[in-house]
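FYI, it's all coordinate maths here, none of it is from the lab. Only a predicted model underlies this, so the values are computations on that prediction, with no experimental measurement involved. Positions of Cβ are backbone-derived with ideal geometry, glycine not excepted, and every protein chain shown enters the neighbour counts.
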Amino acid sequence: MTTLSPSAPTGAPAADLIDRLAGLAPGSPVHALRHRREKVVAATQGSHDGLFDPALPGLSLAERLLVAVYACRLTPAPGLAAHYRARLTELGVAPALVAVVDVGDPQQLDDERLRAMLTFTRTLILKPIEGDQAALRTLPEAGIDTPSTVTLAQLIAFISYQTRLVAGLAALAAASASATSESAR
């Protein structure tokens, strides 16, 4: 049930995932505001591309995508979760495994390594103050080396940033659209 496919390239990501998921149309006020700091836009997309590069060593692409789905589920960020779930489907990860992660009970997993990653993800997302040395020790015990632990922590932090950015921009876009429609009346 917890068989992971080897890392393999998937379809090319959208030019800017955040714009797409937040519903920012080019030329809209919120799109223009976000793109005033183009280097931040590029760095955000670049971080996404780097963290989900199939060639990144340590954690397989499937493991990183499963962590992303789980983190998005916990946050909750359904739009981002759907994006990462689609990437898992493209990658050919077993639907039963994706379903277990989507339900949110890592203890159902036979794969100790993935179970440890998801448990650590839950800790950092829901109770970050408990992401201490004891929580970190569970990762090497599950066969996750130090560089992979760093990658995992970076991934979780990035997903946390990404979910908040999408939610904030979507809220701004909705407020802007509402203000525009009210002023047109």
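Counting every Cα pair in the chain, what percent are over 23 Å apart? Walk me through the numbers before you get to the answer.
Details: 7506 of 17020 pairs.
Tail fraction, whole percent: 44.
Report the convex hull volume per residue for the range 22-120, counting only C-alpha atoms, in Å³.
About 118 Å³ per residue, rounded to a whole number.
Using per-residue counts of other Cβ atoms within 10 Å, averaged over each peptide, order 23-34, 126-137, 157-168 from highest down.
So the peptides 23-34, 126-137, 157-168, ranked by packing, come out 157-168, 23-34, 126-137.
Pop out the ³J(HN,Hα) list for the range 121-128 in order, Karplus 6.51 cos²θ - 1.76 cosθ + 1.60 with θ = phi - 60°, rounded to Hz; leave Gly and Pro as x.
Karplus-based 3J(HN,Hα) across the range 121-128 equals 4, 4, 4, 5, 7, 8, 9, x Hz.
Ordered by residue, what ³J(HN,Hα) values in Hz, to whole numbers, does the range 67-72 give under the Karplus form 6.51 cos²θ - 1.76 cosθ + 1.60, where θ = phi - 60° and Gly and Pro are x?
Coupling constants for the range 67-72: 4, 4, 4, 5, 4, 5 Hz.
HN-Hα J couplings of the range 133-143 from phi, Karplus 6.51/-1.76/1.60, θ = phi - 60°, integer Hz, Gly and Pro as x?
Here the 3J(HN,Hα) series is 4, 4, 5, 5, 4, 5, 6, x, 5, 9, x Hz.
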